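Novice: Below are the structure tokens for one structure; questions will follow.
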Ligand SMILES: CC(C)(COP(=O)(O)OP(=O)(O)OC[C@H]1O[C@@H](n2cnc3c(N)ncnc32)[C@H](O)[C@@H]1OP(=O)(O)O)[C@@H](O)C(=O)NCCC(=O)NCCS
């Protein structure tokens, strides 16, 4: 452990905040036994000790996740195989704030506390990031000032088994599978199954049972159908995402969704399944009503993507169109802790109902910096019009300080894998926009490299998404709602994960205004 500053008088030390006695495990025990003890004692880690009670390792919840991801059997795996050996330790006399800084720096979440570090060490406690943060929170702002990047870029705020995005590699995954591989090899319902159940359907019977559960839930309940015309016709301009969030609110109320805090996992799953199933039907019904058309009832046998196009257009799509839209939908189900997913998790962390969480998420998605870009990207294509106009148009836009829609990403600093896949899909669909789009992509990347050097700006999912959807007959107003339909599955998966192991998400901000307390002035 690094040098330990002597605590100032009155300063709290590790001894004040650590947990003890420590929950321990033996190296030869099975991981399942150790995990059971962690659950029983409600702790996030166990310290592995030898016969002399010396800390020789630490086994945490994260190790359990690694083990599960590797497909290993916890009932035969030994603690010694999965623990982090020879862990760093800390002395009980260390100042809590210094300990906090050390844990944050190393990315540790727990660290064993030992007396006489180095000489006949004795395990006396364990201290977690959470324990230390409680102390950090009661320090004056200047003492806890940390460099939190604006927009929380790179800040890890949770553990998840839903999936991840590796921005530098241009790779993302759902559970343990590459999302692009899933999009190329499985129907959407299989991926939905994977998200909700944690594994892919293994047999056709699994798949059929899931469809039998989901398909009847596509139908809009009568009490919601009655109010849809008013929602669809509200306002001079139709904003489909606004209409969707209003109707989802109505849907949750009609089905009697209750606070996630008060319902069991099975009920919450049931709410989630129904909401994901009905979302495409709501989108299409709202759209058609606004066009003065009758809604089309869900098709009894068509799969998700084909049924979506059918309910929107009133005729069955070609196989090619359904397959193209299905790939897009699968590729947008989940994508790390994006703004809308984080929103859904924050709302769930308050114990609110699933409807509240996904309505909030739809609100976050409606912003152009998140989900509102595909129609704007297509609009840009239309405005540019011809290849010869591309370079001057793009250059002038960037020089004006405009953002090129469909370019740049918070996490990807290389090609967005979704964009690569959708480019292929769009290529196969053909059409007059494709050649121009390829030219604009190459030109924009070149212009951005020149005018925004080092920012690593490439196409994101939204650039080719618009072209694919346009080619499949989806109107631009429905581009973002289509994204919302598939992302609903991702949001709900996160809601379920958050609710299963909840703690209120309640961060802090650093106050940077005029120093308080100022006298309250009288009104003049
Ligand atoms: C997606 C996005 C919001 C990510 O933003 P971010 O991680 O916060 O990136 P920043 O806003 O910090 O941008 C970093 C720099 O790159 C520039 N930049 C980022 N995206 C750009 C774009 N699409 N066009 C032009 N410049 C862009 C910014 O102007 C900034 O330049 P600066 O350093 O001179 O100020 C951003 O790239 C964007 O606005 N893209 C266009 C909208 C879009 O396609 N959204 C869909 C996302 S899937």
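The values are calculated or read from the model by the stated rules, or taken from the named source; none is laboratory data. Being a predicted model, the structure only gives us computed values, none of them experimental. Quick reminder, even Gly has a Cβ in these numbers, built from the backbone with ideal geometry, and neighbours come from all protein chains shown.
Novice: Within the bounds of the range 387-406, is there any residue that is in contact (Cβ under 8 Å) with a residue 12 or more places away in the chain and away from the ligand (no atom under 16 Å from the Cβ)?
Specialist: Scanning the range 387-406, I find at least one residue that is in contact (Cβ under 8 Å) with a residue 12 or more places away in the chain and away from the ligand (no atom under 16 Å from the Cβ), so the answer is yes.
Novice: Something else now. Quickly run through the range 24-52 and pick out the residues that are surrounded by 15 or more Cβ atoms within 10 Å (Cβ to Cβ) and more than 32 Å from the chain's Cα centre (by Cα).
Specialist: 24, 25, 26, 27, 29, 30, 48, 49
Novice: Which residue out of 267, 254 is in contact with a helix residue (DSSP H, G or I) (Cβ under 7 Å, 6 or more places away or on another chain) and at pLDDT 95 or above?
Specialist: On the way: 267 fails: in contact with a helix residue (DSSP H, G or I) (Cβ under 7 Å, 6 or more places away or on another chain).
The match here is 254.
Novice: Please work out which residue is surrounded by the most Cβ atoms within 10 Å (Cβ to Cβ), limiting yourself to the range 452-479 and to residues that are within 11 Å of the ligand (Cβ to nearest atom) and either over 27 Å from the mean Cα position of the chain (by Cα) or free of Cβ contacts under 8 Å to residues at least 24 places away in the same chain (or both).
Specialist: It comes out as 452.
Novice: Taking the range 189-209 on its own, how many of its residues are in contact with a helix residue (DSSP H, G or I) (Cβ under 7 Å, 6 or more places away or on another chain) and more than 19 Å from residue 487 (Cα to Cα)?
Specialist: Count: 2.
Novice: Can you say whether residue 319 is more than 13 Å from the ligand (Cβ to nearest atom), farther than 26 Å from residue 242 by Cβ and touching a helix residue (DSSP H, G or I) at 6+ places or on another chain (Cβ under 9 Å), as far as the supplied structure shows? Explain how you work it out, then say what you get.
Specialist: On the way: more than 13 Å from the ligand (Cβ to nearest atom): yes; farther than 26 Å from residue 242 by Cβ: yes; touching a helix residue (DSSP H, G or I) at 6+ places or on another chain (Cβ under 9 Å): yes.
Judged against the criteria, residue 319 is a match.
Novice: Could I ask something else about it? Just need a number here: residues in the range 211-241 that are within 23 Å of the chain's Cα centre (by Cα) and over 19 Å from residue 492 (Cα atoms).
Specialist: Residues in the range 211-241 being within 23 Å of the chain's Cα centre (by Cα) and over 19 Å from residue 492 (Cα atoms): 1 in total.
Novice: Can you pull out every residue in the range 53-68 that is within 33 Å of the chain's Cα centre (by Cα) and either in a helix (DSSP H, G or I) or free of Cβ contacts under 8 Å to residues at least 40 places away in the same chain (or both)?
Specialist: Residues satisfying the conditions are 57, 59, 61, 62, 63, 64, 65, 66, 67, 68.
Novice: Checking residue 444 against (1) closer than 30 Å to residue 164 by Cβ; (2) away from the ligand (no atom under 11 Å from the Cβ); (3) in a helix (DSSP H, G or I): exactly one of these is not met. Which one?
Specialist: Going through the list (1) closer than 30 Å to residue 164 by Cβ; (2) away from the ligand (no atom under 11 Å from the Cβ); (3) in a helix (DSSP H, G or I), residue 444 breaks only (2).
Novice: Pick out the one residue from 314, 363, 292 that is modelled with pLDDT of 95 or more, closer than 15 Å to residue 491 by Cβ and surrounded by fewer than 24 Cβ atoms within 10 Å (Cβ to Cβ).
Specialist: 363
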